[in-house]
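Asker: So that we are looking at the same thing, I have put the structure below in structure tokens.
The values are calculated or read from the model by the stated rules, or taken from the named source; none is laboratory data. These numbers come from a predicted model, not from an experiment. Quick reminder, even Gly has a Cβ in these numbers, built from the backbone with ideal geometry, and neighbours come from all protein chains shown.
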Amino acid sequence: MRARLWDGRQLDIDDPYRFGPQLSDTDLYLHTEGTLHQAYGTLGAHIVEVDGASGVRFAVWAPTLYA
């Protein structure tokens, strides 16, 4: 995306929603199974580069309280 700031400068911004899921199916499966022993490697904040765009991936486990 391209944004024009109040002072006339332009800023190019990557749309974060253009990227697909960042956690692998294996990580999700192991987490659900309860055997993802190094969850700190996938959950939390991690600096990543995806398709040439640098940023921070943030993933959190938030179970529902209602069944």
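Asker: Which of (1) free of Cβ contacts under 8 Å to residues at least 12 places away in the same chain; (2) aromatic (F, W, Y); (3) more than 29 Å from M1 (Cβ to Cβ) does W61 not meet, given it meets every other one?
Answerer: Every condition holds for W61 apart from (1).
Asker: Let me ask something else. If you go through segment 48-66 one residue at a time, do you hit one that is surrounded by 10 or more Cβ atoms within 10 Å (Cβ to Cβ), in a loop (DSSP other than H, G, I, E, B) and polar (S, T, N, Q)?
Answerer: Checked against the condition, which is being surrounded by 10 or more Cβ atoms within 10 Å (Cβ to Cβ), in a loop (DSSP other than H, G, I, E, B) and polar (S, T, N, Q), segment 48-66 yields no hits at all.
Asker: Taking the condition of being at pLDDT 90 or above and in a loop (DSSP other than H, G, I, E, B), how many residues in segment 25-35 meet it?
Answerer: Going through segment 25-35 one residue at a time, the tally reaches 1.
Asker: In segment 13-47, which residue that is of a type in the set (D, E, K, R) and surrounded by 10 or more Cβ atoms within 10 Å (Cβ to Cβ) is farthest from R2 (Cα to Cα)?
Answerer: In the first step, residues of segment 13-47 are kept if they are of a type in the set (D, E, K, R); the result is 14-15, 18, 25, 27, 33.
With the extra rule that they be surrounded by 10 or more Cβ atoms within 10 Å (Cβ to Cβ), the set shrinks to 14, 18, 27.
Working: D14: 9, R18: 15, D27: 34 Å.
If we take residues in segment 13-47 being of a type in the set (D, E, K, R) and surrounded by 10 or more Cβ atoms within 10 Å (Cβ to Cβ), then D27 is farthest from R2 (Cα to Cα).
Asker: Okay, moving on. Do we have G8 as at pLDDT 90 or above, outside any strand (DSSP E or B) and of a type outside the set (V, I, T) here? I'd like the intermediate steps shown before the answer.
Answerer: Working: at pLDDT 90 or above: yes; outside any strand (DSSP E or B): yes; of a type outside the set (V, I, T): yes.
Yes.
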